[in-house]
Amino acid sequence: MSATVTDPGRVDVATPTRRTRLASLGVLGPILPIVAYFWFIHQYSVNVVYLDQWSDIALLNHWYHGTITLGDLWASHSDHRIFFPNLVVIALAQFTRFNVVVEEYLSGAILTAAAVLFIATHRRRARGSAANPSPSRPANRDPTDPGLRSDPAATPSRPRFRRNNSPRSR
């Protein structure tokens, strides 16, 4: 394929090497921040409790002494409830002896999974299909279908309610 334009009305087509570069950029673009994120965790994280993780110490104290209750797991934490994160903290503390670095890696893995799901959902919506149309892209339908009325004059009119102009309504 030639990338030169001979006809002014013709659109320039990307060469195979250009497509390969664009595809590799499309693959490496999202992967580089993920690799950098995990590299920063590996390089700079320390196994030290920090800021609001100190509240986990009291939770783990109840866990280790066998006095934990549902109220301990459901307790308020700065205007919100963190029931499931408390369960994760207990599980990690049980299996890793409360190694905070493992918690940071798990947080990075969950963040990566959420980003992948977000991108996959966006691509699915952007593509759309006749079986599962996207709200931003209408399904491929027959324009003569009576269900598709783009002309406001073709839509049945609804009764309009007027204000009663009698002296009592004023």
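Under a 5 Å amide H cut-off, with hydrogens placed 1.01 Å from N, His77 pairs with Ile82 among residues at least 5 apart or on other chains.
Using the Karplus relation 6.51 cos²θ - 1.76 cosθ + 1.60 with θ = phi - 60°, the per-residue 3J(HN,Hα) values for the range 74-80 come to 9, 4, 5, 9, 6, 6, 8 Hz, with x marking Gly and Pro.
Where a number appears in this text, it was derived from the coordinates with a stated rule and is not lab data. Small disclaimer: the values here were computed from a predicted structure and weren't measured.
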